[in-house]
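Worksheet for the structure shown next.
The values are calculated or read from the model by the stated rules, or taken from the named source; none is laboratory data. Source: prediction; values computed, not measured. Because the Cβ atoms are built from the backbone with ideal geometry, glycine has one as well, and the counts that use them run over all protein chains shown.
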Amino acid sequence: MDKIRVLLIDDEKPLLFLMKEYLKKLNPKLEIETVVSAHQALEILSEKSIEVIVSDFQMSEMDGLELLKHLRECSNDIPFIMFTGRGREEVAIQALNLGADYYLQKGGEPKGQFLELLNLIEKSVEKKRAEEALQKSEEQYQRMADNIQDGITIVENQKIVYMNDRIAEIFGYPKEELMNYTLIDLVTPEEKQRVKDFMERAIRTKKLPTELECWIVRKDGSRRYIHNRYSLSVEEDQSTVRYIITTDITKRKLTEEKIIRERKSFQILARVAVKPVTTKELCDEILVGLINALDFDIGSIRLVDEEDCLLLPMSIIGISEEEIPEKVPPLSIDNADNLSAQVARTQKPIFEPDLLKKRHLKAYKKLIKKFNIQTYISWPMLDSHANLLGTIQIAAHDLKEISQEDRIFFKTFAEMFVQVFERKMTEKTLLEAEEKFHSIADQSSAAIIIFNRTGVKFANEAASQIFGYALEEITSWELDILKEIVHPEDLDLVLEQTEKKLQGVSDTINKYDVRFLTKQNETIWISIHSKTITYENSYAIAAVLVNITERKKMEEKLRESEEKYSKLFHHSKDLIVLIDNHMKILDINQPALEKFQYTRRELVKSPYSLLFPKNELVNIESKITEISRKPLEHFEVVAKTKEGHLFPAEIRVTPLYIGQKTLIQFIIRDISTQKKAIQEKADHIENLTFLSDSALEFLSLPYEKNIYEYIGKKIYQLVNDSFIAVASYDAENENYLVRSIVGLGKGLKTIVKVLGKDLVGMTFHKVPGAEQIRKPGKLLKVTGNLASWMERDIPRKTSFALKKMLGIDDAYISSFVYQKKLYGVVVIFLRKGHSFQNKQLVEAFVNQASVALLRNELEMKYRQNEALYRGLIEKMHNGFVVLDKNSRIIYVNNKFCEMSGYLQNELLGRSVSDFLTKETGKAFEKQFAKRRKGTEEAYELIWKGKGAKKTISAIYPKMIRDEEGNFDGSFAVVVDITKQKEFEEKLKNQQKLLRKQRDEIESFATMAAHDIRGKLQIISLYLDLISQKDDFFEYNQKIVEQISEISQFLEDLLLLAKKGEILSEISQINLNEMVNKLAENIRQLCPSLKLVIGPLPSLKGDSLKIKQVFENLLMNIIKHSEATRVEIFNEEDENYSRIFIKDNGIGMTKDYLQKIQTSLMTNEYFSIGLSIVQKILQAHNGFLELESEKGEGTTAIVNFPKNEPTF
């Protein structure tokens, strides 16, 4: 294996050194980086290429699990090995759940352990490299297949196994749908039999065809001409694989057909173009050729009379003289009943394969029947300036399919005819125009020059003004003057065009723009319109020259502006769409195409409404209207992809001015992530609100209410489209009793009818996942079926029928467990087609319900005991009181009199409120009001006895009803619980103390085990290295240092472990003298550290322990702070002497400071040194405070009580 780049992370520097040494020794190809914190690791990862991370778990500021979680959240999948002394199973599980590749515990024989670590490093890197290579290979193959211009289909054993994106584009179907068709299904009707015969011949001869061309019909009805190439491969398992390469050759096919049609039309047009003919002769010959080419029967050509808005008949072919009137009348263009007039008026062609089906042609039907016309084509003749010249009509007696190719041919032929016709008309016009030429030339602002091979024959005054030469100079120019007055870069073009014209090769008007040089040697742009004419019996050129210099300058500025916009448009990360004034998409940048999942061809010239749902269009159009009046801020809309997926977007609509055009620009930003974050926050708040409300409802729920029914209803609120079964667990009989069914509605009656009994109250001896449900609050999917866990209680056939009747799909189960005791289960039956959406919230509620069931059980037992001992209360002399319906006392027993200190006659007839404290008097009134409404619940009252005596009592009331069932008073057993309340308070305090001690011991043991194990491992590693080296003095010294550290560490642990007195002799301490002596020692250890000590107070305490406090704090500064200055001074407040130890070091982050402060309050032993300081100060009735900010240093504040302390 090549070199492996490894990052080792551990806050134990000696261990980090040894790990690097050992691994390098085992594999010299390892390139190892070492860091002592997670933050340093993140810096290394941002700067260097690392292939695997080996990290300790327990580190300051950010531990190994937090580092792993951060990397995975940032989508960093670098191999991660957790190598730690923490041996708890939950740490390993959590690491693997967060995405660690391996987990290895420190300890054991060094060589074997590091061989195992090296194996894990090599294995994880090898796996990662293989995955990357495979992914790269797959991406290259997929990219090659998707980007190829041909469609690819792979058929294995008569089944399509692969199609690329191009094949779907060619056929116009989604790939999933296209796989359901054969080629024969998709070819055009006229091609179907040919392709079918082709395929059958291939099957019959058992020879795979190599090539096939045919027309196909796409999903949208359009047609494509394809070329298929076939090849066959036999795999190792003898399976056959066919490869079909499909090329879209529609353009080539259409081009071939177009060439044939154009050749025919050119032959006709060429014939009439070269010979002198009259207008009628021209029209007759063209019309005959057109009818023959398309196999039609009759036709006509009408020319327009613009002055009178008439269409004059010029040529009629295919109708006998008997059928034609002597003189065909002119046709008004405004005639609504005539098709030729309609074409002339709208300037839109008509291609109608069946005229008789058109209802709007009723007035024209007589003529249609007269000439037996069924198929009809009419085309407007428009000149090069889109002016109407006339119309061409052809018709057929039979029904004919007018294909797209026919339309293209007709259009091409008609347009070429118009060109010939226009040229003939132009020639005629030119002859007439020559007479007017000289008079117009003199008045023209454009230069007009006529010249032949001998030189300039004519020039007007405008030529003199443009070129700066005198008119006499211009008319004396010879042809070679072009080399002097034409810009060198344009000279070849001008000479080429001039030569063609003078040879008579081209007699059309040529237009081109070139640069000339004036007499003053200034460059000017000239637009030349030139034509070959006959002048003095030879070819000459008549040229009109227009000075367009200013226009060119404007065009250049416009081009530069458009280039800048194009760069911004195509490089922007925003989605940009450019819209014309017809609301059609002109252009769209690449990010927008990717987001909306369209190709550019699909969107350009399409309505912008494709990108938005219909209900958003009114809003967007109103914004487009507003931009003409004021600039718009961003506004939110919902956008839509090609697949119909909606996403929230922020859009800005702005006008864009390009030349004379005003376009509309959409700048769109996807805000799905922001919206999702807001929704997640709202869902989180809603979940917390639900749990908070349910917790309060549990507390206020009367014990006699069916708590299982309440639980079922609450879960049903969270899981709709389901029904809920809640059962209690009978541990003695090991069965489950159904206590509540929620969500069945009317279906419950059906179940009762099928079973012959109600589900509520039924007992089941088995539930799904019984071996797993002891995990509290976990929601597990039922792996068996409904019949398997009800087979002892419901017949199998019945259970299957119930499942089908209720539409059950999946079922989930969770248990109510508290402190390992099972109280019951809830089974959630999901209906078909539905899934879990809020599993975590349901699990949280189940845990909440488990606690409520414990409380309910305790209260039930308490109530049962109350009933059991009700008869003994009188004997035990508990208080007993009877009240009338107005809460007046009508009976009390002797015990109550004893409790209250009043005689019976002092109590009877008086209101209970007279003997209660003010607060509990109001509580009693509320409870009595509830009792009137039928609510009976226990509560507590505080009685005012004679003198200052107060008695706390528990009241257990019952309602008294008259014969009609109306409220008539109540009675209650009154139990003196004054001492019980005092005991409960003491018990709570004791439990709190025990919990604190338990947590402290657990934290203490974990920390001690981790640190001792780490130091012993370092010693073990050094010993192993000693055995392999002759010179071991350096390693021997390091072992002595580690043993010394362990000894000091154990002394610290003993101090922390003491739960009783840790102080010895108490004396008066002079802090000035003590701290200054310590400062001298510190200066020897760290000469660069400056200590500034102010006046300090004297106090009482254990001088050795107080000295240890200041030693620990100052040594922490040397080891961790990187400070250059420390100030020690005292401030007094009302109760404490506050001694400040302030450094200017690197300080701590807020999170790390919070961890330390929390550990000092909870005794978690995050830092042993600070824990010892805190323990000593607490023994002196003092305490430690810490203040710090990253980069600003740290301040430790030692607080000693000013008054005489209690030790």
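Quick notes on this structure:
- Just one residue in the set 885, 895 is outside any strand (DSSP E or B), within 11 Å of residue 970 (Cβ to Cβ) and over 60 Å from the mean Cα position of the chain (by Cα); that residue is 885.
- Here residue 439 meets each of (1) at pLDDT below 85; (2) crowded, with 16+ Cβ neighbours inside 10 Å; (3) hydroxyl-bearing (Ser, Thr, Tyr) with one exception, condition (2).
- Members of the stretch 712-761 that are among the aliphatic types (A, V, I, L, M), under 20 Å from residue 848 (Cβ atoms) and touching a Gly at 6+ places or on another chain (Cβ under 8 Å): 724, 725, 726, 727, 742
Residue-by-condition table, conditions (1) in contact with a helix residue (DSSP H, G or I) (Cβ under 8 Å, 6 or more places away or on another chain); (2) over 20 Å from residue 979 (Cβ atoms); (3) among the hydroxyl-bearing types (Ser, Thr, Tyr):
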| site | (1), (2), (3) |
| --- | --- |
| 881 | yes, yes, no |
| 902 | yes, yes, yes |
| 914 | no, yes, no |
| 931 | no, yes, no |
| 947 | no, no, no |
| 961 | no, yes, no |
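Yes/no matrix, rows are residues, columns are (1) of a type in the set (Lys, Arg); (2) farther than 18 Å from residue 454 by Cβ:
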site	(1), (2)
480	no, no
483	yes, no
488	no, yes
501	yes, no
510	no, yes
514	no, yes
517	no, yes
523	no, yes
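- Of the residues making up the stretch 44-82, those that are in contact (Cβ under 8 Å) with a residue 60 or more places away in the chain and under 21 Å from residue 128 (Cα atoms) are 51, 52, 54.
To keep it simple, each residue is scored yes or no on (1) in a helix (DSSP H, G or I); (2) surrounded by 16 or more Cβ atoms within 10 Å (Cβ to Cβ); (3) assigned by TED's automatic domain parsing to the domain that holds residue 1068.
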site	(1), (2), (3)
1092	no, no, yes
1099	no, yes, yes
1110	yes, yes, yes
1140	no, yes, yes
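- The set of residues in the stretch 573-592 that are surrounded by fewer than 18 Cβ atoms within 10 Å (Cβ to Cβ) and either over 20 Å from the mean Cα position of the chain (by Cα) or under 11 Å from residue 611 (Cβ atoms) (or both) comprises 580, 581, 582, 583, 584.
- The stretch 474-489 - residue that is touching a helix residue (DSSP H, G or I) at 6+ places or on another chain (Cβ under 8 Å) and assigned to a helix (DSSP H, G or I) and, of those, surrounded by the most Cβ atoms within 10 Å (Cβ to Cβ): 474
- Test set (1) part of a loop (DSSP other than H, G, I, E, B); (2) over 30 Å from residue 684 (Cβ atoms); (3) at pLDDT below 85; (4) not polar (S, T, N, Q) - residue 833 fails condition number: (2)
- Count of residues meeting criterion [within 25 Å of the chain's Cα centre (by Cα), exposed (fewer than 14 other Cβ atoms within 10 Å of the Cβ) and not in a helix (DSSP H, G or I)] in the stretch 593-612: 2
- Exactly one residue out of 1181, 1199 is free of Cβ contacts under 8 Å to residues at least 40 places away in the same chain, within 21 Å of residue 1074 (Cβ to Cβ) and not in a helix (DSSP H, G or I): that is 1181.
- Verdict on residue 665 being of a type outside the set (Ser, Thr, Tyr), at pLDDT below 90 and either within 20 Å of residue 603 (Cβ to Cβ) or assigned to a strand (DSSP E or B) (or both): yes
- Just one of (1) within 24 Å of residue 309 (Cβ to Cβ); (2) at pLDDT below 85; (3) of a type outside the set (S, T, N, Q); (4) touching a helix residue (DSSP H, G or I) at 6+ places or on another chain (Cβ under 8 Å) fails for residue 333. It is (2).
- Listed conditions (1) surrounded by 16 or more Cβ atoms within 10 Å (Cβ to Cβ); (2) free of Cβ contacts under 8 Å to residues at least 40 places away in the same chain are all met by residue 18, apart from (2).
- For residue 469: the one exception among (1) in a strand (DSSP E or B); (2) touching a Lys or Arg at 6+ places or on another chain (Cβ under 8 Å); (3) farther than 28 Å from residue 426 by Cα: (1)
- Condition check for residue 138: at pLDDT 90 or above, more than 19 Å from residue 10 (Cβ to Cβ) and under 27 Å from the mean Cα position of the chain (by Cα): no
- Some residue of the stretch 160-167 being at pLDDT 85 or above, in a helix (DSSP H, G or I), basic (Lys, Arg) and surrounded by 15 or more Cβ atoms within 10 Å (Cβ to Cβ): yes
- A Cβ distance below 7 Å, combined with a sequence gap of six or more or placement on separate chains, defines the contacts here; from the stretch 404-427, residues that are in the same structural domain as residue 350 (by TED's automatic domain parsing) reach residues that are part of a helix (DSSP H, G or I) and of a type in the set (Ser, Thr, Tyr) in the pairs 412/265; 413/265; 416/265.
- Flag: residue 506 does not match the condition of being of a type in the set (Gly, Ala, Ser), surrounded by fewer than 17 Cβ atoms within 10 Å (Cβ to Cβ) and touching a Leu at 6+ places or on another chain (Cβ under 9 Å).
- Counting only residues that are touching a helix residue (DSSP H, G or I) at 6+ places or on another chain (Cβ under 8 Å) and in a helix (DSSP H, G or I), the stretch 368-413 holds 8 of them.
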